[in-house]
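Report on the structure given below.
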Amino acid sequence: MNYKIALIRGDGIGPEVVGEAVKVMDAVGQKFGHTFEYVDVLMGGCAIDAVGCSYPEGTAEKCRACDAVLLGAVGGPKWGHSTEAEKRPETALLSIRKDLGLYANLRPAALRPALADACPLKKETAEKGIDLMMVRELTGGIYFGKKNRCQTEDRGEEASDLLAYSELEIERIGRRAFELARLRRKKVSSVDKANVLESSRLWRQVMHRLKEEYPDVDYEDVLVDNAAMQLVRDPGQFDVVVTENMFGDILSDEASMITGSIGLLPSASIGDSAPGLYEPIHGSAPDIAGQDKANPIATILSVAMMFRYSFRLPREAEAIEKAVDAVLAEGWRTADIAKEGETAAGTRKMGALIRERI
Ligand code: NAD
């Protein structure tokens, strides 16, 4: 098969990590008989420098013409202070998610066996293994609800943000979670705050209706405060965790912390018809940009997610994941995951080692 992939290399370490991921993709193509055509798309700080705005006209159209999008990272101190939205790199991230209708954010948090000692939890907890998938609703809820500020007569200023969800929004993300669980260990934990919030009561109502359609998948409701506790007490109990935008924002960061380094974790944002967008969870790391120090594994594992979820090629995805685990098991580390006294491999070396093991 031939696949067309939009590459948003972006800023800081973005071009370095995307460069290594592309070489790994080509190695997979050679081994399994696929070809890849790459289309460079300018977005972020580099686009501000080149054309004066972070999200140039036609960005979404270029991406829509491809089968998937791979993004490095955007932003950096050079562009951090503009008051104009189009001159802020982060505006481009919100715009592309909205324009491509990417309402489901998938963030796996898996403890790679060779790095079990990087887990900050108790040894016996880590030994049970951690392999969960956070499914966060990405385009609704309180971040997008009506915002208000007003002056009261006797209590100073007052501010509010509306947390609104429709059945349609809940059902489509819920369905994603159940479908994913079928590809994994067949368990869905739906996180809400139904004891207090009306939006959560609707969330739970829709999820209960959906679970009847998936009798082969185990289902549980978990209150968000309990979910935050269980993630550090016994994360091994979770398979697919589905939740609304703000709860997901907080819980997915908590889940990524328990697996060690930010340089290891991939993510996917997907919608119904547009190409999925795959990116590491880390930012542009300006402090180490251009120094061959960045860990490319999160971006390389994002490519594995692309194969699995956009192209439905699980064997190719596994080949990448196994190559990463093999390199780590041999003791190779980049600086962010190396222990004191260990020599660290650079970005290019780590990329080459993974490529060789495909
Ligand atoms: P960051 O993730 O870029 O860096 C945080 C720390 O982790 C830094 O010390 C960095 O060196 C380290 N780090 C990050 N990725 C690494 C990797 N692959 N290998 C080794 N070390 C790594 O977060 P930040 O410093 O808060 O943000 C820097 C810039 O990135 C900001 O402009 C921010 O807005 C932007 N950002 C972009 C995205 C995105 O493009 N999706 C996400 C988060 C932050």
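The values are calculated or read from the model by the stated rules, or taken from the named source; none is laboratory data. Values in this document were obtained by computation on a predicted structure and should not be read as measured data. Positions of Cβ are generated from backbone atoms using ideal geometry, with glycine treated the same way; all protein chains shown enter the neighbour counts. The area values use the complete protein model at the heavy-atom level, side chains included, leaving out ligands, DNA and RNA. Shrake-Rupley method; radii C 1.70, N 1.55, O 1.52, S 1.80 Å.
What distance in nm separates the simple spin-label points at Lys186 and Arg201, each placed 7 Å from Cα in the Cβ direction?
3.4
Please list, in order, the residues from region 171-197 whose amide nitrogen is less than 20 Å from a point placed 7 Å along the Cα→Cβ vector of Ala228.
189-197
So what is the relative contact order of the chain, in percent, for Cα pairs below 8 Å that sit 6 or more residues apart?
On the way: 750 pairs, mean separation 79.6, N = 358.
The normalised contact order for the chain reaches 22 percent.
Ignoring ligands, DNA and RNA, what percent of the 1.4 Å accessible area of the chain is carbon and sulfur? All intermediate terms of the calculation are to be shown ahead of the outcome.
Numbers: 8270 of 16240 Å².
Ligands and nucleic acids excluded, carbon and sulfur give 51 percent.
For Glu37 and Asp272, what does the FRET efficiency come to when R0 = 41 Å and r is the distance between their Cβ atoms, rounded to the nearest 0.05? Spell out each step's value before the answer.
Numbers: r = 24 Å, r/R0 = 0.58.
Once rounded, the FRET efficiency stands at 0.95.
Cα-Cα pairs above 12 Å in region 1-45: how many percent? List each step's numbers first, then the result.
Values: 619 of 990 pairs.
Value for region 1-45: 63 percent of Cα pairs lie more than 12 Å apart.
For the chain, what is the accessible area per residue in Å² when the probe is 1.4 Å? Walk me through the intermediate numbers first.
Details: 16240 Å² over 358 residues.
Value for the chain: 45 Å² per residue.
Using a 1.4 Å probe on the protein heavy atoms only, what accessible surface does Ser160 show? Give it in Å² to the nearest 10.
Rounded to the nearest 10, that gives 60 Å².
If you wrap a convex hull around the C-alpha atoms of region 167-219 and split its volume per residue, what is the figure in Å³? Present the calculation step by step, with values, prior to reporting the outcome.
Details: hull volume 3.4 nm³, N = 53.
So the per-residue Cα hull volume is 64 Å³.
Please tell me which of these pairs span more than 26 angstrom C-alpha to C-alpha: Lys62/Lys293; Lys146/Lys187; Lys62/Lys87; Lys98/Lys211; Lys293/Lys339?
Numbers: Lys62/Lys293 31 Å; Lys146/Lys187 34 Å; Lys62/Lys87 20 Å; Lys98/Lys211 28 Å; Lys293/Lys339 15 Å.
Over 26 Å Cα-Cα: Lys62/Lys293; Lys146/Lys187; Lys98/Lys211.
Please state, as a whole number in µm²/s, the translational diffusion coefficient that the Stokes-Einstein equation yields for region 190-230 at 4 °C and 1.567 mPa s, with Rh defined as the Kirkwood radius across alpha carbon pairs. Mind showing how you got there, number by number?
Values: Rh = 10.7 Å.
Estimated diffusion coefficient is 121 µm²/s.
So if a site counts as exposed when it's one of the GluC sites (Glu not before Pro), its DSSP state isn't H, G, I, E or B, and it has at most 14 other Cβ atoms within 10 Å, what's the longest stretch of the chain without one? Provide the component values of the computation, followed by the final result.
Values: sites that count: Glu57, Glu84, Glu153, Glu212, Glu213, Glu330, Glu340, Glu342.
The segment 214-329 is the longest one with no such site.
Above 28 angstrom, tally the Cα pairs of the chain and express them as a % of all pairs, no decimals. Walk me through the intermediate numbers first.
Numbers: 29110 of 63903 pairs.
Result for the distance tail: 46 percent.
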